[in-house]
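Quick notes on the structure that follows.
The values are calculated or read from the model by the stated rules, or taken from the named source; none is laboratory data. Nothing here was measured: the structure is a model prediction, and the numbers come from that model. Methodologically, a virtual Cβ is constructed for each residue, glycine included, from the backbone with ideal geometry; neighbour enumeration extends over all protein chains shown. For accessibility, only protein heavy atoms count, side chains too; no ligands or nucleic acids. Shrake-Rupley method; radii C 1.70, N 1.55, O 1.52, S 1.80 Å.
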Amino acid sequence: MSQLVTGEAVVLQVRIARMPTRALACAIDVALQGVVLVVLISLLAGFLLGSESSEALAFALIFIVVLLVAVGYRVVMETLTRGRTVGKMVLGLKVVRDDGSSIRFRHALVRTLMWFFVDFAPWFAACPGIVASLMNKQGKRIGDMVAGTVVIRERHQAMASPPLFVPGHLVQWAQSLELSRLSDDLANAARDYLARYTDLLPGPQIALGEALAAKMAAVTAPAPPTPIIAPAYLSAILAERRRRELIRLSTHRPTPTGPFAPSYAIPAGPFTPPSPYGAQAPVPAPTPFIPPPPPPGPRPATLNAQGWATPGSNESQWS
């Protein structure tokens, strides 16, 4: 599987067509072109032999027919069918742009010209296209690199989504899991393993499950409280991850904004619907703030017969 990023930043999971499949599709197209060339040249030869024409005219007509069949076939077919030729239709292949959209005339023309003059040109021993396709991770030949295209497989067996569940005695443990470090690639690998679980042999079935469970345990916490087999462990984590994702999508809904956003305010006036909380008390109008009066001064001191002040007689009554 490979990923293509669209112009809207949407990631598409696609299957890239590799060199053997593309070579078989190319062989079908070449065989079809050969049959058409033999028929057309035979008809053209019968016409030229029946009339008195020069060798130059015969050579020019044959060259035009070969050029139209060899080059025009690919350009016309890929333009009209949005990236398919007869060979690609038979094997379920399609040429798309790097963002996953359909190709146009210019992409088909560039790919075809590069196919004849660079990728499989006789003066290059027909090697550049093969070498580039084998070394590129998306199987691109030089024509695909120049045109910005890639060949994908349209027909492949659909993978059923495995049933995910959490055992009843592990529900609390699953809800306490820390899944922030769990990557999408590891989750997709575990989901693919569960989908193919019944198709695997017993040996690879156990080994692959334990390997994925070990990787999953390294990025999640805490560990399960009781021993659990690898498929059930992976299923429980994926089920909890999906549950949280569904909750997140249902609670984080974008709020419409702009001049055309709907208004949900309750209209005011005599036709205002009654409040579900009963009659509301009117809110009093705010009053101006009045500062408190300043505290009085200290009490006068009271002297005794010896001239001493009575303790506390000269302190403020607010202290």
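Things worth noting here:
- Of residues in the stretch 69-97 being among the β-branched types (Val, Ile, Thr) and assigned to a strand (DSSP E or B), the one nearest to VAL30 (Cα to Cα): VAL95
- Conditions (1) without any contact (Cβ under 8 Å) to a residue 60 or more places away in the chain; (2) open to solvent by less than 90 Å² (accessible area, probe 1.4 Å); (3) within 22 Å of the chain's Cα centre (by Cα): number failed by ILE152: (1)
- Taking residues in the stretch 27-47 that are within 15 Å of LEU68 (Cβ to Cβ) and free of Cβ contacts under 8 Å to residues at least 24 places away in the same chain, and partners anywhere that are in a helix (DSSP H, G or I) and open to solvent by 60 Å² or more (accessible area, probe 1.4 Å), the pairs with Cβ atoms closer than 7 Å and at least 6 places apart or on different chains are LEU44/ILE62.
- In the stretch 196-220, of all residues being under 28 Å from GLN175 (Cα atoms) and assigned to a loop (DSSP other than H, G, I, E, B), the one that is most open to solvent (accessible area, probe 1.4 Å) corresponds to ARG196.
- If you check LEU61, LEU57 for being in contact (Cβ under 8 Å) with a residue 12 or more places away in the chain and either over 16 Å from ALA17 (Cα atoms) or in a helix (DSSP H, G or I) (or both), only one passes: LEU61.
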